[in-house]
Every structure is written in structure tokens, then in C-alpha cells.
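The values are calculated or read from the model by the stated rules, or taken from the named source; none is laboratory data. Because the structure is a prediction, the values reported are computed rather than measured. Cβ coordinates were reconstructed from backbone atoms using ideal geometry, including for glycine residues, and neighbour counts include every protein chain displayed. Please note that ligands, DNA and RNA were not included when accessible areas were found on the heavy atoms of the full protein model with its side chains. Shrake-Rupley method; radii C 1.70, N 1.55, O 1.52, S 1.80 Å.
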Amino acid sequence: MGRWVIALLAAGVALVAASARAQTEQVLLAPTVVATHDLPSNGITTFPVTCPRGYIAVSAGVLTAGPGTTLLKITPAGMSSYRFRFGNPVTNGDQRVTVAVACRKVNSSKYVFRLKPLRTKYVLLPPRRTGSATLECPPGTAPARAGVDLDPSRQKSLDAYRGGPALSIRSQTSILSRLSFSVLNRGGQPRTVAFYGGCLTLIREAGTSPERLHVKATTTSVPLHHGSQTITRRCPSGWVSFAAGYSLFSRPTTVAGAAAIARGGRWSLQNDRDGDTKADVQLVCGRLAP
């Protein structure tokens, strides 16, 4: 690697403690690119969202989704972009959607993020069943760049969405060196889903201070009453958010949006059952420290 060396990444689940000393000059920059798009009735709308030059897109999510619309795709496109696809059925009026991409880099030319894409995994989901997938990263890296395409073989047809979405994401989480997903197929036919991910690490110029990228994932169980709720969580002082994950346990519960924003995360959840239930929300945070 020439004059560059790997700044090995410490990954864990709520195990990495923040340093007591003042934050170093090599701070993590954490802008969030927010974009709003129109979703015409009886149409499928696809659009990219790109980070500023020099930033890596570590995750992406939905902030607000139009009622009755269907998230079909949220997948990485290169190192600094995500591509979104939404369906809006003929029975629905024109809607709008707001999405967010978490862009990250180190505020020093001596430290550089590297992100290696993982091979896309395709899973065939049986009718009326939940299917799962995992993507593994090697030691010294952390999972990032998660994405899901709920219908990779049908890019333009509207027929599958006029009766409502057959597929829904039930969980998307990051633990140690692994990305995990689960998707529910409520339809009567088998469906193929594509899962995306990448492995993030940090390299530093030889001879610089031995800062390393520390990452932790904190999962919180939250009660859900009937109706819609917005939940927010923040990373500890000195940390920035990398991803906002979740796990749903009750089928009448859905996620309208989940996204990492600067130093925290935001989730929009909908509970359509009569009684209370719960869900897990996960916030992945990172910082530089020895």
C-alpha cells in the first residue's frame, strides 16, 4: 500500500467507549444529503442521490414517504451515491418522498476511508414466508453500504404494485462484521430479492498518529402504540452516525422511514394492530480514537 497503512477498525455492539480526552483534529465529517422527489400516480420513479466530492455514502434511508407508495429499491450506486425506486399505484394520487444519504469522510488528507463492495446476494422468497440474508466482512473492516432491491427483475411494470406491495423489509441490522436482512413475502408467488453491502475500513499515512476508526451498534427496544410514531436517537458526544437499522416483530407493524442523520438517526414506524407492540431500532455510530 506504499506509504499508507491500515488503521484497523474496532467493531462491536455497544462495547466501544468514547475516549475521555478532547477530540483530535482528525474529526469525522458527517453531512447528510436530503432530496425530495415527486411520485406521479400510476408510475414508478427512479432517481439517484449523490454525496459531495470526496465523501463515501455509508448508508441511505427514507425520511418521509407519501401515503400509499411502495419503496421498491434503495441500493448503493458507486462509492458516493445511492439509487432509489418507488412505485405509486393508479389508485393513489400524486405523492412526494424525501430521502437521505449519509456521507462521511475524515477531515484530514492523511486519513482516507476505503469501501469494498460485497457481491450482491439474491434470495428467492417462498410465498407467504419471511426470508433472510447475511453479508459478511473480513476482520479489520465494518459492514456499511446496505441496500435492498425488492423486485430486481421487474424494473418498469406497474402490475405488481396496483394491488399493494407484496414484499416488505422486516429487519436491516449491522452486528460486528455482518449485515443482516429479512423480508416478508405476503404474496402467493415466490419472489426474488437482491441484497447489497460493503466493507468499510480506514487507512492512514505512514508516520501519522495511530488513530483508528471505532464503530459501535446500539440496539434499543421501543414500545409502539396504535398509529404512527417518530423515534429519534443520538450518538454519544464525539461520535457520528453511520446507519439506522431496525427489526420488526409484529406483522401489522411497518417502517415508513429510517435514516442516519449527522450525529443521530430517525425512524418512522406504523403500528396497525389494535394493541401495543414493540420494535428494535439500531443506531450505528463511529469516531476516531487511539
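Table: residues versus (1) within 22 Å of T75 (Cβ to Cβ); (2) modelled with pLDDT under 90.
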| site | (1), (2) |
| --- | --- |
| G187 | yes, yes |
| A194 | yes, no |
| W239 | no, no |
| F242 | yes, no |
| S247 | yes, no |
| P252 | no, yes |
| I261 | yes, no |
| P290 | no, yes |
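Of the listed requirements (1) closer than 30 Å to Y111 by Cβ; (2) under 15 Å from the mean Cα position of the chain (by Cα), S209 misses just one: (2). When you scan the stretch 192-203, do you find a residue that is part of a loop (DSSP other than H, G, I, E, B) and over 18 Å from the mean Cα position of the chain (by Cα), even just one? No, every residue in the stretch 192-203 fails to be part of a loop (DSSP other than H, G, I, E, B) and over 18 Å from the mean Cα position of the chain (by Cα). Contact annotation: residue pairs with Cβ atoms under 6 Å, 6 or more positions apart or on different chains, pairing a residue in the stretch 270-284 that is closer than 12 Å to G227 by Cβ and in contact (Cβ under 8 Å) with a residue 24 or more places away in the chain with a partner that is among the small types (G, A, S) and open to solvent by 60 Å² or more (accessible area, probe 1.4 Å), are Q270/S228.
Can you name the residue in the stretch 192-221 that is among the charged types (D, E, K, R) and surrounded by 21 or more Cβ atoms within 10 Å (Cβ to Cβ) and is also nearest to V255 (Cα to Cα) among such residues? Within the stretch 192-221, the match that is nearest to V255 (Cα to Cα) is K216. Hey, among the residues in the stretch 222-254 that are among the aromatic types (F, W, Y) and part of a loop (DSSP other than H, G, I, E, B), which one's surrounded by the most Cβ atoms within 10 Å (Cβ to Cβ)? Checking each candidate, the answer is W239.
What are the pairs, 6+ residues apart or on separate chains, where a residue within the stretch 66-83 that is open to solvent by less than 40 Å² (accessible area, probe 1.4 Å) has its Cβ under 6 Å from a residue that is of a type in the set (D, E)? Note: pairs meeting the criteria are L72/D151; K73/D149; T75/D149.
Beta carbons closer than 6 Å, at least 6 apart along the sequence or on distinct chains, pair a first residue in the stretch 243-267 that is over 25 Å from C199 (Cβ atoms) with a second that is open to solvent by 40 Å² or more (accessible area, probe 1.4 Å) and among the hydroxyl-bearing types (S, T, Y) for R266/T232.
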